[in-house]
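**Q** Starting off with a structure, shown below.
The values are calculated or read from the model by the stated rules, or taken from the named source; none is laboratory data. Just so it is clear, the structure is predicted and the values come from calculations on it, not from any experiment. FYI the Cβ positions are ideal-geometry reconstructions off the backbone, even for glycines, and counts take in every protein chain you see. Just so you know, the surface numbers come from the protein's heavy atoms only, side chains and all, with ligands and any DNA or RNA stripped out. Shrake-Rupley method; radii C 1.70, N 1.55, O 1.52, S 1.80 Å.
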Amino acid sequence: MIVESVSGPSEFTLDPQRHHILENTIQLPRDIKPTGLLPDRKTADILVDSFFTNTSGLVDIFNRKDFLRSVDECYKEPLNTNPPLICILNLVFAIGLAIARPINGTDEATIIQKLHAEPTNRAELFYRNAENIYHPVSGFEDADFWSVQALLLMSLYKLVVSKRNASYFYYGMAVRSAFAMGLHREESMVIFSDSERHIRRNVWRTLFVLDRFLAACLGRPISIPEDDCSEHALEAPMRTRTDESMMGDDAQATNSIALDTAVTSCYWIGSTLKKVYSKRKVSTLVAQDIADHLENWERELHQSLHCQRIKDGPIDLAQAVAILHVNLLHCHSVLLLTRPFFLYLLKMGCDDISRNIHKTAHVSSRLEKFSQTCVEASQRTIIIARSALEAGYLPQCNPFVIYFVFAAALIILSNEFASLYHNPDAENSIHSVLGILTYCGERDAQAKRVYDIINSFHKANTHRPPTTRKIYLPGRKIPTISTLSQTFPHDPMSPFFHHVKAERQDLFVNELPSMKERQLSMPNMHSEPVMPRMMPPPLQQPSPEGSVSLNSGIAATMAPAIETLSGSDNDFDLDILWHGWAPPSVSSMGLPPTLHPTEPFDAYGLHHPPMPQGNGLNPHVPSYPPSDYR
């Protein structure tokens, strides 16, 4: 809507699918029915290995040695194998085939290419075999642990094949079944053996990672409320605390450390979703508090997960994928936290154009620096993904990578559209994104869809007439984004928030003297991993004498104004970023009449439809239809 208001209609702004979520359709030939037959043993081993390799760092729901032992028993005596195991094995085959990225020229690549070349979608057939043999819903009704594993695998498969609504549905069933069995409570684990507790704890941690990812990706509420969970429910199982001397060489140990790191990132993603997006309030004070912990993440990242390891020499493929996952996830946690500040500046400049305001802009320096961090995190995301593609270990159907790259590309393109920051590497970054999405789009429907979005946005930027109005903030010096392409993306000595840190002392010197006392314990990967507690201490209110206050700024009974934050560190409403937009094409959006452009606007050009009766919210704040605003 911002692009259309400034540059007019284009292929990007008039995309007929812009208000719909993509749900891929996979159909098998009518004469193909699920048979339940297992593939030959060599193919099975390749698919199982592909599953463990390409989910490394984010998914850990089996003891690999025990699982491989079960596969051996299944192939030795298939008629005596329990149906739940056959169901789970077929789901592993389905995911392993869909997400496979074998090394070219190997036997594995030959077999995978042969399976992909079949007229029948073999991965989908494996999936339907699992449903047909023993549907996990039967286990869900009886609250069997295997059903949680199977439902989680079904959710992951649907995510891989671009069926995100179906993934969300199966994930919800998995979480509720996990709650029923008490996976979220420490006291419910005491009756199990050490190995069983280890698996159950990691299944719960995997559910937590997937929960935060789906919430951020789909803009939906989190399904795991931390208030109802045990204090240490997310801590690593004792058996993952392997001797540190083995960490760099053992792929399984690296996967365990990577999952610890992923859980930490998702913890802070959840904090951002709750403290910013759910409350619809943005504050540099809240953002700084979370940013301090994210900065600790970079400093304490275990050496086995540094991107530099890929450049230093040969590395196990599973380790490379784990490095890719945890670094991209961290970049996105930074992007998610800082994106509202970037969008605020974008909206401010657009509003100045629409109202013909040319006064000098007064923008909080901290807001400015968080906004700049958003663009730099986006740059780093693209560089990491490009490195994975060039190194040959990027799967074509990886929903996590595709989403992270897409979110980062939108920031890079929005910055180029608005010229908020000078980014010398922007054009290279966009070409990298298009190359990544072209590669992934050969097999992934979601990648093909987001490629069209990014490509049309890029064209809308490059084909703008010279006379098109420019978004700018008078009196503001345009900073330059750090060029990262000449160095490897991860430099532990150069954290994202280095330019925010410079003013940290000024921000907290008199207001929050107990900041260090309130900080949550972050995992130190060089010693015993300690996860943050499920219940963090609430933010303390600054002293009345301080210049920053969570309660100051926008009054609750006033319409949000874009100028409110200027020159200070007050809160602003997140809804201000989209509130009031009613382009001529609004009738095609399927929105209710309350958002029709004939409704009154305030002095700032913001739209205020009447509040429906019976709503317990602030009567001065309009209600809106449920949708994906995040």
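**Q** Please state the shape class of region 18-105: rounded when a/c is under 1.5, otherwise prolate if a/b exceeds b/c and oblate if not, all from the C-alpha gyration tensor.
**A** Verdict is oblate for region 18-105.
**Q** I need the calculated FRET efficiency for the pair Asp15 and Tyr439, taking r as the beta carbon distance and R₀ as 35 Å, to the nearest 0.05.
**A** Efficiency at R0 = 35 Å is approximately 0.95.
**Q** Can you work out the FRET efficiency for the pair Asn428 and Leu79, with r the C-beta to C-beta distance and R0 = 41 Å, to the nearest 0.05?
**A** With R0 = 41 Å, the Cβ-Cβ based efficiency is 0.10.
**Q** What do the square roots of 5 times the Cα gyration tensor eigenvalues come to for region 33-79, in whole Å, largest first, as semi-axes of the equivalent ellipsoid?
**A** Over the Cα atoms of region 33-79, the semi-axes work out to 21, 14, 10 Å.
**Q** Sort region 1-156 into rounded, prolate or oblate with this rule: let a ≥ b ≥ c be the square roots of the eigenvalues of the Cα gyration tensor; rounded if a/c is under 1.5, and if a/c is not under 1.5, prolate when a/b is larger than b/c, oblate otherwise.
**A** Note, shape of region 1-156 comes out prolate.
**Q** Only residues of region 103-128 count here: report those whose backbone N is under 20 Å from the spot 7 Å along Cα→Cβ of Thr35, or say none.
**A** 111-128
**Q** Dividing the alpha-carbon Rg of region 117-227 by 2.2 N^0.38 Å yields what?
**A** In units of the 2.2 N^0.38 Å rule of thumb, it is 1.13.
**Q** Which order do the peptides 425-432, 45-52 come out in when sorted by mean C-beta neighbours inside 10 angstrom, highest first?
**A** 45-52, 425-432
**Q** Hey, another quick one. Return one whole number: the accessible area per residue of region 365-489 in Å², for a 1.4 Å probe.
**A** Ligands and nucleic acids excluded, the figure is 36 Å² per residue.
**Q** Take the solvent-accessible surface of the protein heavy atoms, probe 1.4 Å, and return the percent of it on region 312-462 that carbon and sulfur atoms account for.
**A** C and S fraction of accessible area: 51 percent.
**Q** Which length gain, in nm to one decimal place, applies between Glu23 and Glu231 when the Cα-Cα distance is subtracted from 0.36 nm times their residue separation?
**A** Here the answer is 71.2 nm.
**Q** Net charge around Leu14, counting only other residues with Cβ within less than 14 Å of its Cβ (Lys, Arg = +1; Asp, Glu = -1)?
**A** -2
**Q** So, one more: Can you tally the net charge around Ser50? Count Lys and Arg as +1, Asp and Glu as -1, for every other residue whose Cβ sits under 10 Å from the Cβ of Ser50.
**A** Computed value for this residue: -2.
**Q** Can I ask one more? Could you work out the local net charge near Arg205, counting Lys and Arg as +1, Asp and Glu as -1, over the other residues with Cβ closer than 12 Å to its Cβ?
**A** Residues close to Arg205 contribute a combined charge of -1.
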